[in-house]
Structure formats: structure tokens, C-alpha cells
Amino acid sequence: MNHARALTEITVVIPHLNQAGGLLRCLTALDAGRRQPVEIIVVDNGSARPPDGICAKFDNVRLLHQPLAGPGLARNLGVEQAKGAIIAFIDADCIPAPDWLAVAERALQNQGVDILGGDVRIAYDDPKRLTAIEAYESIFAYRMDRYIRRQGFTGTGNMVVRRRVFDRVGPFAGLKIAEDRDWGQRATRLGHTIHYLPEMTVFHPPRLCFSDLQIKWDRHIFHDLQKAGGQARRFWWIGKALLLVGSPIAEIPRILFCRRISGLRNRGKAFSCLVRIRIYRARRMLHLILGGVDSHLVTQWNRTDAN
């Protein structure tokens, strides 16, 4: 297969669980995009109502079913069945920009570019009147540029990779580890560079309530705790939790000068939400390190439709 032909064969893989409204928006946006994939594979992961009717509305969509829980396992099945030499991952509740795949395809024409991570923006209705969560997430959530630069991974809600590279790195792991981070860091250790492409944009809906943010951080905290073995690491973990309480002060310049939001009122909302969530994180970290058991929090994902 020559290089030009390979670039024409893009498969989009979408894991899905109880997000019918979001999936319909995602597929509609892909259908209207400037660059059409050879196929879109939706992998349902046990929805109460599988999205057969939604997928049937689109000619190039295939619906698969993965009974084992976890978006990584759903993505793995999609890749196994994919025709394309390029795999583009997006989440069911995300909305790709019209040129999402076109931008990725142009970047992949460069030799040595095998893995792309794009920008994830918050999709909100009124930029002048953000909710506290919208303001907070616009600044602090889904910062793929930082994840790539500092931790060697990108989120699979907006990632494009050559199939041969995915096969070399291997499949995503299960829910009990941070799947995106684990896969990206395995790729990095094998010598692959993850390229950040800000023009490759998708939009993610904001979380609707503070408890949704808590669930997100419960999952991340539990994953990080797995690495906190040994007495020295435990003391480090406790110190980090205590430092979190005062850390919002250091974030004030970032909030004031961030270009993702505008207006002092929105910036004030972002700061108030930041304080709340960091206090929550500190309390949860101390709870877990001192013997609390909340491992069940990582075994579910997207159990309700967030329309």
C-alpha cells in the first residue's frame, strides 16, 4: 500500500455508553465534515438502549458491541475491525470541528509524524455568561498540550494514530488504570513522539454539576494512588494533598491571563470552582491514603446520558 493511499483510509473509532444524544451530535458533525473517513465504527459498551437507530441514519457507520466494561476495551475492538491505516479516536459526546480530519491528514503527510493529539475545547452556549464549571473547565480541563509536554500522553477523546504504530504499542488496558496515560506513555517509551496539533479541535460538553467533577477526580485520584506504594511515597502523597488546599492562589495569574475565557466575572467563577475542587481532592486523597476504599469508582464510565 503506498503512502498516498494509506492517508485516504481513515477509520474513526467511537466508544459509546448511554450517550445517545451526544453520539447523534458527534455523527452529524462528522457527516458534515470537510474530510470524510472510509468508515466510522461505534462500539457500544453495554448501553441500556443500544444506538442501533442512530447509527443506521449514517451510511458509513458500523455498530459493534463490547460487553466487557471500559472505553479502552471498546476502542480496542474498534481498532481490531478497522479498515483504515489511520485510526482517529473521538468520544461519543464530543463534537469535531469541520476540518478535524483534514487537519490531521495534512499533518500525517510529514515523515515521522505518527501520533497526533489535538485541542479539546469546552462547548458552551454563551461565552459571556459561563457557569462556574464551564469557566473552570475552559481553563483547567483537557489541556492536551500540557499532558503531551509534561507527561508523555494525550487524551483519546481527540487522538489520531497510524494503525501500524497502534499495533506496535499494543491495546488499551482496562478501567483500573488511566488508559489514556498508560497507552501514551508506552508509546513514548518505545520512541514515538506525540505531536500536539492545536488546529485539530474537538468540543467537549461541560460537566453539568459539581458531583460530575468529583466523580472525575475520584477516578484520577484512585489511579494515582496505585503508584503511591511505600512509606516515603505515602508521606509525599499526604504532603501533596495538604499543598492542594493553598494551591489555587498560585493559579490566579493563569486564570487572569487565560485566553480561553473573557471577563472578570467568568474568571471569578473559574477561581471559585477551582478552590472547591482542590479542597475536595485534598480531602479525598487523605481519605484514601488513610485507609478509605473507593475502588468501585473506577469500574464505571458514563452510566447516564449527559444530554
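The values are calculated or read from the model by the stated rules, or taken from the named source; none is laboratory data. A quick note: this is a predicted structure, and the numbers were derived from the prediction, not measured. No Cβ is skipped: glycine too gets one built from the backbone with ideal geometry, and neighbour counts run over all protein chains shown.
What the table below lists for this structure:
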| item | result |
| --- | --- |
| Breaking point among (1) in a strand (DSSP E or B); (2) farther than 28 Å from I177 by Cα, for G33 | (1) |
| One residue from I122, I177, I133 being more than 26 Å from E105 (Cβ to Cβ), assigned by TED's automatic domain parsing to the domain that holds C26, surrounded by 15 or more Cβ atoms within 10 Å (Cβ to Cβ) and at pLDDT 90 or above | I133 |
| Filtered residues of segment 184-209 (kept if over 20 Å from R143 (Cβ atoms) and either at pLDDT below 90 or in contact with a strand residue (DSSP E or B) (Cβ under 9 Å, 6 or more places away or on another chain) (or both)) | H192, L208, C209 |
| Unmet criterion (only one of (1) surrounded by 13 or more Cβ atoms within 10 Å (Cβ to Cβ); (2) under 30 Å from D99 (Cβ atoms); (3) outside the structural domain of F89 (by TED's automatic domain parsing)) for R276 | (2) |
| Residues of segment 116-147 satisfying the condition of being within 19 Å of F210 (Cα to Cα) and assigned to a helix (DSSP H, G or I) | A132, I133, E134, A135, Y136, E137, S138, I139, F140 |
